[in-house]
1. Which of the GluC sites (Glu not before Pro) across the stretch 262-357 are loop residues per DSSP, with 12 or fewer other Cβ within 10 Å?
2. Enumerate by residue number the chymotrypsin sites (Phe, Trp or Tyr not before Pro) in the stretch 236-288 meeting two conditions: DSSP loop (anything except H, G, I, E, B), and at most 14 other Cβ atoms within 10 Å of the site's Cβ.
3. So which trypsin sites (Lys or Arg not before Pro) in the stretch 236-337 are both in a DSSP loop and have at most 14 other Cβ atoms within 10 Å of their Cβ?
4. Once label points are set 7 Å from the Cα along Cα→Cβ at both Y110 and T274, what is their separation, rounded to one decimal in nm?
5. Assign one of three labels to the stretch 191-256, namely rounded, prolate or oblate, based on the Cα gyration tensor with a ≥ b ≥ c the square roots of its eigenvalues; rounded applies when a/c is under 1.5, prolate when it is not and a/b is larger than b/c, and oblate otherwise.
6. Assuming 0.36 nm per residue, please report the length gained on full extension of the stretch L304 to D86 beyond their Cα-Cα distance.
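What follows draws every value from the coordinates through simple rules; no lab data is involved. Since this is a predicted model, take the numbers as computed values, not measurements. All Cβ positions, even for glycine, are placed from backbone atoms using ideal geometry, and neighbour counts span all protein chains on display.
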Amino acid sequence: MKNVFKSLIAAVVVLASVVPALAVSESAVLFLQISPGARAAGMGEAFVALADDATAVYYNPAGLGFQRGKEITLMHTNWLPQLGTDLFYEFGAYRHHFENIGTIGINVTYLNLGTQSRTDESGPDPIGEFSSNEYAVSLTYGTQLSEKWAVGLGARFIQSNLSPFGAGSEEGDGRASAFGFDLATLYKVSSRFSVGANLSNMGPKITYIDAAQADPLPTNLRVGFAAHAINNKYNKLTFVADVNKTMVKRYSDGTSDPFYKAIFTSPWFEEKKTISEKDTTTENVFKGIVSGGAEYWYNDLFALRAGYYWDQDGKVDYFSLGAGIAYNLYRFDFSYVSADEGHPLANTMRFSLSIGF
């Protein structure tokens, strides 16, 4: 039996390291959980209730409903540079407002997982190489139902190319495709406070080998708020906070609930035991991610951002920093992750460019 799935598993482990809240066994295509946009990343990836630029196609499609005009956003980052030089992530989004219809958004997400070595049963020496990548193409729509309330929808085609070869006599290989969709809402309670929610990546399981071994998509519930503490001509200060929860329910026998059931059966807390020489302690661990941050703009020209990301289940917490500069139609954003030494995301930098017209 060819050992190509050793490389496939390695690729999945790499993905799991950047999305700690998702265990390798819980879902597939974890690249869908990588947050795009250097602006949001500088605020701890909290953006669901703000969602006021083209990255709303990811964070909250309902945010498109309040946007006018056209905008394009592009982002590139060398992903997990500590693990390899050929890993990179690309994101591109475009939104266009149509009068009396709403705002349409299109985006493409691409993750290059690098080159893998192929071996067989004859020994550990490579007999060839192959490339691994995953991508998704999404179409989103947002519209206002009232002056304060907007809703959004999203549809997504997902392609995973982890390996072009099968394993022994099994039917499939490391390539699979799937479809997912999003439902979102954004409500502006006042001119200074808004709340939002986005249930994303709902859809049938993705099948690499056969239907019996299909894996669920990383269905995710994101809820949060945004508060504009200062909003005048020269100074703007906004605070944001999000809670993310992966709505996947996997059982010990390897089976999992369909997405429409897992939305209700996925546990929010899990009891975990810590065994030491002296005693055994038990604690309820939150199965979600809490993040928050702040953004300060001076004269709509320069921005400073800071955020915090806390994942109790994955035992990950870090601070993020960011900055932005805007001139005429253009905005350039930068973010930096300040994680503990040795963490895969340590020193990760994101760069994004937005053009509004």
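1. Numbers: sites: E270, E271, E277, E283, E295, E341; in loops: E277, E341.
Taking the stretch 262-357 and a limit of 12 other Cβ atoms within 10 Å, the loop GluC sites (Glu not before Pro) found are E277, E341.
2. On the way: sites: F239, Y251, F259, Y260, F264, W268, F269, F286; in loops: Y251, W268.
The qualifying sites are Y251, W268.
3. On the way: sites: K236, K245, K249, R250, K261, K272, K273, K278, K287, R305, K315, R331; in loops: K249, K278, K287, K315.
Listed in order of number, the matching sites are K278, K315.
4. 4.4 nm
5. Values: a/c = 5.24, a/b = 3.84, b/c = 1.36.
Prolate.
6. Values: separation 218, 0.36 × 218 = 78.48 nm, distance 3.05 nm.
Length gained, L304 through D86: 75.4 nm.
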